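The values are calculated or read from the model by the stated rules, or taken from the named source; none is laboratory data. Quick caveat, the model's predicted, so the values are computed rather than measured. Here Cβ is always computed from backbone atoms with ideal geometry, including for glycine, and neighbour counts include all displayed protein chains.
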Amino acid sequence: MKVFTILEKHGRKPSRLVPILQAVQEEYRYLPEEVLTYVATALDISPARVYGVATFYSHFAIQPKGKHIIRLCDGTACHVKDSIPILDAIRKRLNLSPKKATTDDMMFTVETVACLGACGLAPVLVVDDKVHGQMTPEGGVELVEAVIAQEKA
Amino acid sequence: MSANILNILDAAAGNGVMGGQVPKAQRRVIVCAGTGCVANGAYEVIEAFTTQIKAAGIPVTTEFKAEGGADLRLNKSGCQGFCQMGPLVTILPDEILYNRVKVADVAEIVSQTLVGGKVVDRLLFVDPATKKHCQGINDIPFYQRQQRFVLKECGTIDPENIHEYLHHGGYAAAKKAILHLTQEQIVQEITKSGLRGRGGGGFPTGRKWEAARVQKSAKKYVICNADEGDPGAFMNRSVMEGNPHSVLEGLMIAARAIGADETLIYVRTEYPLAVARMRRAVEDARKLGYLGDHVFGSGQALECEVMEGAGAFVCGEETAMIASIEGLRGMPRPKPPFPAQSGLWGKPTIINNVETLAHVVRIINQGADTFKLLGSAASPGTKTFALTGHVANTGLVEVPFGTTLRDVVLNIGGGITDRRGKVKPNGFKAVQIGGPSGGCLTQEHLDLPLDYDSLRSVGAMVGSGGLVAMNEKTCMVSVARFFMDFTQRESCGKCVLCREGTRQLLALLDDVIEGRATGETLVLMEKLALAVQKGSLCGLGKTAPNPVLSTLRYFRHEYDAHVFHKHCPTGQCKALAKPSIDAAKCKGCTACAKQCPVGAISGGRKQAHVIDQGKCIVCGVCADTCKLEAVVGV
């Protein structure tokens with residue numbers, strides 16, 4: 001089992017909880033509840049502590065994410081260069097809202113990120129780890145369409 | 001400081017430390033491969049160069065060799081800080097900087113420049129102010145007015161090659177510190193230099209180190225704070241991507257100074273490239289025996305680990321970062337005891353910012369006196385600012401402390417731009433400095449020298465050095481709301497006033513923006529802001545109200561317009577916007593009427609148009625369309 005290997009690699013030390021959860025998320029793309037419980041038992045700490053850490057950091061997801069992850073940078077530089085209209089346009093195209101980040105078919109998750117440090121390219125949109133700079137609402141929707149087309153092909 | 005050390009320092013300064021020359025005969029093509037340029041296709045450009053150069057029959061290498069080697073060396077560099085113009089290609093020794101290079105341009109660069117020795121004019125940077133084509137870094141006003149030390153090597157050396165760093169005098173300072181200087185000597189030199197923490201608070205680095213040095217403990221730690229969470233700041237990312245060894249070297253010196261044998265670099269997870277390059281640097285240093293059980297062949301042991309954060313802004317705070325490293329929720333704890341007394345695992349720990357550590361290297365190499373030549377008396381040295389927002393040239397700007405805001409934003413930044421990216425001579429409205437913890441500076445501060453103390457005196461702070469320029473179309477209430485939204489999300493929840501107070505401040509700002517506010521709202525907002533400042537434990541809560549307080553201080557009229565006249569002067573707040581057409585400016589071209597999605601604009605050809613307020617959905621398309629700027633209020 002993968003989680004076992006991860007735990008072994010970190011010497012089953014509770015102090016390594018953050019890197020352990022990072023590795024688990026890398027594997028499962030989110031943190032399933034049963035894995036969190038398993039990690040707690042293996043590290044001999046309470047499930048509450050593991051859950052507490054998992055929900056504290058924004059990088060950790062306790063809900064499954066879509067196959068394609070679209071992240072819009074909403075750092076200061078992107079914000080003043082009108083990042084929100086891009087977010088609105090993409091959400092509209094995918095029928096998503098601030099409360100609903102993942103599409104029903106589990107294809108897309110749309111989220112915002114505080115700052116990617118690529119402020120010189122503002123506004124920035126990241127589609128599956130590829131950074132696109134100087135984005136526009138139309139350009140963002142085009143990128144989404146391209147992924148949809150690719151999925152259909 | 002004994003004369004002895006001064007001699008050593010002088011000798012080091014003269015020894016071609018950081019800034020040695022590459023062999024003269026070799027020509028170099030350097031492609032910037034920072035996050036920005038990679039996003040714009042830098043790797044594809046490098047590939048194209050490899051194929052095209054080979055096709056042209058020029059012997060080429062990608063490896064660094066101190067002497068000899070092929071005629072041409074092609075390598076990638078870290079972030080050169082002029083991200084907007086990427087991918088950047090530098091050709092040495094010709095000193096040519098090509099910008100926005102696409103794969104299709106590579107063949108021309110190879111045949112014209114590398115073979116023919118001619119400059120491809122169309123790929124040069126054009127100064128937006130003078131329309132002049134600038135050949136190299138020294139011709140471009142953006143670089144010309146800067147004094148780059150921390151960023152200096154970022155644009156030229158291959159960040160993944162430790163030998164090139166060594167060739168430029170790298171690790172000389174760490175070697176000297178570990179083999180020849182005592183702990184006291186190092187701390188004294190840093191104290192004498194007056195170096196202050198570049199991460200935010202500006203605490204004197206020497207004092208921090210001394211506090212940890214005097215602790216009697218067999219175990220001590222040094223942590224490099226690379227959790228650059230301030231939205232709009234990316235100087236630490238650039239240094240880690242462009243010159244990771246300089247950070248590691250600074251960290252080694254810090255460890256030696258306080259007697260630590262374990263170090264840790266805490267990098268935010270949003271910077272995957274920086275994480276990879278730092279890890280590579282640590283690995284390469286270990287292979288050469290710079291880390292491990294016998295550092296530089298001495299009896300001293302030193303280890304370094306790179307840890308990724310998990311997306312929590314508050315972890316930039318020292319005690320929260322320690323909690324995070326210990327595998328807990330990143331929540332701050334009260335100080336004292338300070339980390340220097342009891343930090344990671346209860347042991348003496350110092351935490352320094354990336355940029356601070358990079359400066360340490362230079363201070364040990366060249367001496368405190370050289371370091372103090374630049375900057376102001378209380379804030380010596382240079383500082384890197386991340387200049388972004390509505391400016392012509394966005395990017396990283398390293399200038400001595402005491403440089404005026406005007407110089408940074410209007411001269412180096414090339415002026416304020418409008419929505420379409422054109423430079424507007426009188427477009428300056430404000431800059432937000434120091435991110436969510438900082439404040440705004442206005443027209444009246446343009447000649448303010450930027451340093452720790454002058455900024456504090458006007459209710460702002462250096463912070464990590466994020467500098468977001470805003471044009472006159474930016475609503476300051478919305479800016480305050482943006483930061484409050486950020487801090488209330490990032491509040492760790494420990495202190496009630498920070499957790500609930502920031503949330504209520506956000507709700508009050510929403511009232512202002514959406515037209516529900518009364519005079520009392522502003523009074524309440526100010527009161528609450530002061531309460532949050534007082535009732536919070538750590539820097540996040542203490543500074544969270546700053547954007548509100550500083551916009552209230554300098555842009556009270558804008559708040560008043562929202563509250564009492566239900567009007568947003570910039571038209572940015574959709575709930576209050578009432579777009580109308582200035583009949584004097586409208587030439588009746590019908591462009592806006594054609595674009596309006598709801599047909600709310602009427603008026604014949606060559607007649608002033610009118611917007612039907614009943615139909616208008618305040619989308620702003622008309623304002624974007626109109627070339628005469630006749631649409632106002634949206």
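Overview of values
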quantity: Any hit, the stretch A:131-152, residues being under 14 Å from the mean Cα position of the chain (by Cα), within 14 Å of chain B (Cβ to nearest Cβ) and part of a strand (DSSP E or B); calculated: no
quantity: Residue under evaluation B:ARG73, criteria (1) within 29 Å of the chain's Cα centre (by Cα); (2) crowded, with 21+ Cβ neighbours inside 10 Å; (3) among the basic types (Lys, Arg), criterion not met; calculated: (1)
quantity: Residue, nearest to the other protein chains (Cβ to nearest Cβ), within the stretch B:427-470, restricted to residues that are closer than 20 Å to B:GLY395 by Cα and part of a helix (DSSP H, G or I); calculated: B:GLY435
quantity: Candidate set: the stretch B:329-367, residues that are aliphatic (A, V, I, L, M) and under 22 Å from the mean Cα position of the chain (by Cα); chosen: the one nearest to B:ASP261 (Cα to Cα); calculated: B:ILE351
quantity: Residues of the stretch B:124-170 satisfying the condition of being under 22 Å from the mean Cα position of the chain (by Cα), among the β-branched types (Val, Ile, Thr) and part of a loop (DSSP other than H, G, I, E, B); calculated: B:ILE140, B:VAL150, B:THR156, B:ILE157
quantity: Qualifying residue in the stretch B:378-395 (condition: more than 25 Å from B:GLN144 (Cβ to Cβ) and in contact (Cβ under 8 Å) with a residue 40 or more places away in the chain); calculated: yes
quantity: Criterion: in contact (Cβ under 8 Å) with a residue 60 or more places away in the chain, within 14 Å of chain A (Cβ to nearest Cβ) and on the phi < 0 side of the Ramachandran plot - qualifying residue of B:SER193, B:SER246, B:SER238, B:SER298; calculated: B:SER238
quantity: Condition met for B:ALA48 (assigned to a helix (DSSP H, G or I) and either at pLDDT 85 or above or within 23 Å of B:LYS152 (Cβ to Cβ) (or both)); calculated: yes
quantity: Matching entry among B:ARG481, B:ARG489 (being closer than 29 Å to A:THR112 by Cβ, among the charged types (D, E, K, R) and either assigned to a loop (DSSP other than H, G, I, E, B) or out of contact with any helix residue (DSSP H, G or I) (no Cβ under 8 Å at 6 or more places or on another chain) (or both)); calculated: B:ARG489
quantity: Odd one out for B:SER238 among (1) more than 20 Å from B:GLU308 (Cα to Cα); (2) in a helix (DSSP H, G or I); (3) at pLDDT below 95; (4) not hydrophobic (A, V, I, L, M, F, W, C); calculated: (1)
quantity: Candidates B:ALA233, B:ALA281 - the one that is modelled with pLDDT of 95 or more and either in a helix (DSSP H, G or I) or of a type in the set (A, V, I, L, M, F, W, C) (or both); calculated: B:ALA281
quantity: Checklist (1) within 15 Å of the chain's Cα centre (by Cα); (2) within 8 Å of chain B (Cβ to nearest Cβ); (3) of a type outside the set (Phe, Trp, Tyr); (4) not in a loop (DSSP other than H, G, I, E, B) applied to A:VAL126, failing item; calculated: (2)
quantity: Pair list, Cβ < 9 Å and 6+ apart or interchain, from the stretch B:615-634 residues that are in contact (Cβ under 8 Å) with a residue 60 or more places away in the chain to residues that are polar (S, T, N, Q) and assigned to a helix (DSSP H, G or I); calculated: B:ASP624/B:GLN595
quantity: Candidates B:ALA577, B:ALA583, B:ALA623, filtered to the one that is in contact with a Gly (Cβ under 8 Å, 6 or more places away or on another chain) and not in a helix (DSSP H, G or I); calculated: B:ALA577
quantity: Selected residue (criterion: surrounded by the most Cβ atoms within 10 Å (Cβ to Cβ)) from residues of the stretch B:497-521 that are touching a residue at least 24 places away in the same chain (Cβ under 8 Å) and closer than 16 Å to B:VAL479 by Cα; calculated: B:THR502
quantity: From the options B:GLU67, B:GLU63, B:GLU95, B:GLU44, residue that is of a type in the set (Asp, Glu) and within 14 Å of chain A (Cβ to nearest Cβ); calculated: B:GLU44
quantity: Subset of the stretch A:49-68 (residues that are part of a loop (DSSP other than H, G, I, E, B) and more than 9 Å from chain B (Cβ to nearest Cβ)); calculated: A:ALA61, A:ILE62, A:GLN63, A:PRO64, A:LYS65, A:GLY66, A:LYS67
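Let's see how each residue does on (1) in the same structural domain as B:VAL523 (by TED's automatic domain parsing); (2) assigned to a loop (DSSP other than H, G, I, E, B); (3) small (Gly, Ala, Ser):
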residue: B:LYS534; (1), (2), (3): yes, no, no
residue: B:LYS542; (1), (2), (3): yes, no, no
residue: B:LYS587; (1), (2), (3): no, yes, no
residue: B:CYS592; (1), (2), (3): no, no, no
residue: B:PRO597; (1), (2), (3): no, yes, no
residue: B:LYS615; (1), (2), (3): no, yes, no
residue: B:LEU628; (1), (2), (3): no, yes, no
residue: B:VAL634; (1), (2), (3): no, yes, no
